[in-house]
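Novice: Attaching a single structure in structure tokens format; questions to follow.
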Amino acid sequence: MSEKSKGQKLQEKLAYKKKNYYEVASAEEKKEIFSFAEDYKKFLDEAKTEREACFASVEAAKKAGFTEYKFGDKLKAGDKKYFVNRGKSVVVFRVGSKNLEEDGFRLIASHIDAPRVDIKQVPLYEEGGMCFLKTHYYGGIKKYQWTAIPLALHGTVVLKDGKKVDICVGDKKDDPVFYITDLLPHLGGEQMSGKAASIITGEQLNVLVGSMPYDDEDASDKIKLGVLNLFNKLYGMTEEDFLSAELSAVPAFNAKDVGLDRALIAAYGHDDRVCAYPALRAVLDCESEHTVLAMLVDKEEIGSEGTTGMQCKVYEDLMEEIAIALGANFRKARFASKCLSSDVTAAFDPNFASVYEKNNSALVSYGTALCKFTGARGKSGSSDASAEFVGEVRAMFDKEGVVWQTAELGKVDAGGGGTVAKFIANLNIDTVDLGVPVISMHAPYEVVSKADVYSNYKAFLAFMK
Ligand code: MN
Ligand code: MN
């Protein structure tokens, strides 16, 4: 091979080129990438709702020797704790040895809710020999994608007597599934000439839940009665109990490898468990001198509102309680804190290249993606991290050999989106977005790269070091 020319050398020195993680990973690191993916896939299969993700995270934390924290508890350096908020969000944290006023908190914030189809409060009706559940979708979905696929029913019901019952049916091998119907192409002429947003309407997203009439000649609404009878037998419910139920139809698919090389994973709800799981693992696995927190929150898909969303005071209160327990001034501690708001971004998809600007789009397998800003139009709704903070984070990643890239969600004015970053930045905490690129985001079955999942985990470890 001839020696490199002056121009080639200068090119290497001056030009920025991002790297495919699989191309630069050692054989050993590739093994780690694949083995981490197996753990992640298990988490995905057992955590399809925020409640289940919260439960699974707590179980993992307990296994790693973490114990429950309640407001007012004493804390000291070395403590490993988790704080559960109403069973739907959880903060897993380690108390570090560094001075909290000077060093602050190291936060990673991700969300554990995902787009889905929620069951209405008066859902049951029968028509045309079938019984259905009326629904109201949750988060931004393309409604047509949720028809004609196997669905599972997950959630919690509070019965009239106050007893809480969990429902989870449709995922196990021998479980029945649920189903939203679509029109056959033979009769779909008019439907298919409509706009995609309305070819399936919200009120057509009705979940098929049964079709066997109750065996009594004199009864009315016999199919609905048959279904009600089963809800009663299985869960102790009457129709009235749907009033205080939180039930969701979620895809009944399990996580699977994609492609002969198995480099990618398809699953429901990568957004944002693909960030939440590595965040959880990083806090469980690290041995940081910093006080580190993984905040796994709910309601991001509908605006981070309410008692379990990121905008709730409970997370700030928790940080303040930690500061008080350690005898630190909370305002000083906050000011010294740093946060990775970890949420997914859109991966460049060559089948829809026109909405992406390639130089500033995340590529699948090129590592976790740092987004200096999110938002729509003129960066509206974004907290836009400073050059100083991005510079600091960048140096941490490079020092620890993290393969990463930067990204912006699509072309300017092509659309946009937001994350929880601004809510944390508003607390006077330096915050930047970092997350895994996703193909077909918000579809019932999304795709990510195993390399990017692992890169995300490594980035969190570097941030906590
Ligand atoms: Mn998200
Ligand atoms: Mn989302």
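Novice: What's the number of the only condition in (1) farther than 21 Å from Glu127 by Cα; (2) open to solvent by 60 Å² or more (accessible area, probe 1.4 Å); (3) not charged (D, E, K, R) that Gly189 fails to meet?
Specialist: The one condition Gly189 does not meet is (2).
Novice: In addition: Among the residues of the range 411-446, what is the count of those that are closer than 15 Å to Ile265 by Cα, away from ligand 1 (no atom under 15 Å from the Cβ) and either of a type in the set (S, T, N, Q) or buried (at least 20 other Cβ atoms within 10 Å of the Cβ) (or both)?
Specialist: Result for the range 411-446: 1.
Novice: Now for a separate question. Search the range 293-313 for residues being more than 21 Å from Tyr138 (Cβ to Cβ) and open to solvent by less than 30 Å² (accessible area, probe 1.4 Å), and hand back the single one that is nearest to ligand 2 (Cβ to nearest atom). Break it down into steps so the answer makes sense when it comes.
Specialist: Applying the first criterion (more than 21 Å from Tyr138 (Cβ to Cβ)) to the range 293-313 yields 293-294, 313.
When the remaining residues are screened for being open to solvent by less than 30 Å² (accessible area, probe 1.4 Å), the result is 293-294.
Values: Leu293: 22, Ala294: 18 Å.
Looking at residues that are more than 21 Å from Tyr138 (Cβ to Cβ) and open to solvent by less than 30 Å² (accessible area, probe 1.4 Å), I get Ala294.
Novice: Evaluate the following for Ala323: is it more than 21 Å from Cys371 (Cα to Cα), within 16 Å of ligand 2 (Cβ to nearest atom), touching a residue at least 24 places away in the same chain (Cβ under 8 Å) and not basic (Lys, Arg)? First the steps, then the outcome.
Specialist: Working: more than 21 Å from Cys371 (Cα to Cα): yes; within 16 Å of ligand 2 (Cβ to nearest atom): no; touching a residue at least 24 places away in the same chain (Cβ under 8 Å): yes; not basic (Lys, Arg): yes.
Spelling it out, it is not the case that Ala323 is more than 21 Å from Cys371 (Cα to Cα), within 16 Å of ligand 2 (Cβ to nearest atom), touching a residue at least 24 places away in the same chain (Cβ under 8 Å) and not basic (Lys, Arg).
Novice: Among the residues of the range 143-158, write down those that are under 20 Å from Phe231 (Cα atoms) and open to solvent by 20 Å² or more (accessible area, probe 1.4 Å). Walk me through how you get there before you give the answer.
Specialist: Applying the first criterion (under 20 Å from Phe231 (Cα atoms)) to the range 143-158 yields 150-158.
Result: Pro150, Val158.
Residues are listed down the side, and each one gets a yes or a no for (1) closer than 30 Å to Glu29 by Cα; (2) within 20 Å of the chain's Cα centre (by Cα); (3) surrounded by 15 or more Cβ atoms within 10 Å (Cβ to Cβ):
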{"site": "Thr291", "(1), (2), (3)": "yes, no, yes"}
{"site": "Gly327", "(1), (2), (3)": "no, no, no"}
{"site": "Leu340", "(1), (2), (3)": "yes, yes, yes"}
{"site": "Gly367", "(1), (2), (3)": "yes, yes, yes"}
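Novice: Another question, if that's okay. Checking Asp182 against (1) more than 16 Å from ligand 1 (Cβ to nearest atom); (2) surrounded by 14 or more Cβ atoms within 10 Å (Cβ to Cβ); (3) in contact (Cβ under 8 Å) with a residue 40 or more places away in the chain, only one condition comes out false. Which one?
Specialist: (3)
Novice: So Gly140 passes all but one of these: (1) crowded, with 17+ Cβ neighbours inside 10 Å; (2) within 16 Å of ligand 1 (Cβ to nearest atom). Which condition number does it fail?
Specialist: Among (1) crowded, with 17+ Cβ neighbours inside 10 Å; (2) within 16 Å of ligand 1 (Cβ to nearest atom), Gly140 violates only (1).
Novice: Still on this structure, please answer the following. Within the range 23-72, take every residue that is of a type in the set (Val, Ile, Thr) and within 28 Å of Phe83 (Cβ to Cβ) and give me the one that is most open to solvent (accessible area, probe 1.4 Å). Spell out the reasoning first.
Specialist: Start the filter on the range 23-72 by keeping residues that are of a type in the set (Val, Ile, Thr), which leaves 24, 33, 49, 58, 67.
With within 28 Å of Phe83 (Cβ to Cβ) added as a condition, the list becomes 49, 58, 67.
Details: Thr49: 14, Val58: 17, Thr67: 68 Å².
Looking at residues that are of a type in the set (Val, Ile, Thr) and within 28 Å of Phe83 (Cβ to Cβ), I get Thr67.
The values are calculated or read from the model by the stated rules, or taken from the named source; none is laboratory data. None of these values were measured; they are calculated from a predicted model. Positions of Cβ are backbone-derived with ideal geometry, glycine not excepted, and every protein chain shown enters the neighbour counts. The accessibility values were calculated without ligands, DNA or RNA, using every heavy atom of the protein model including side chains. Shrake-Rupley method; radii C 1.70, N 1.55, O 1.52, S 1.80 Å.
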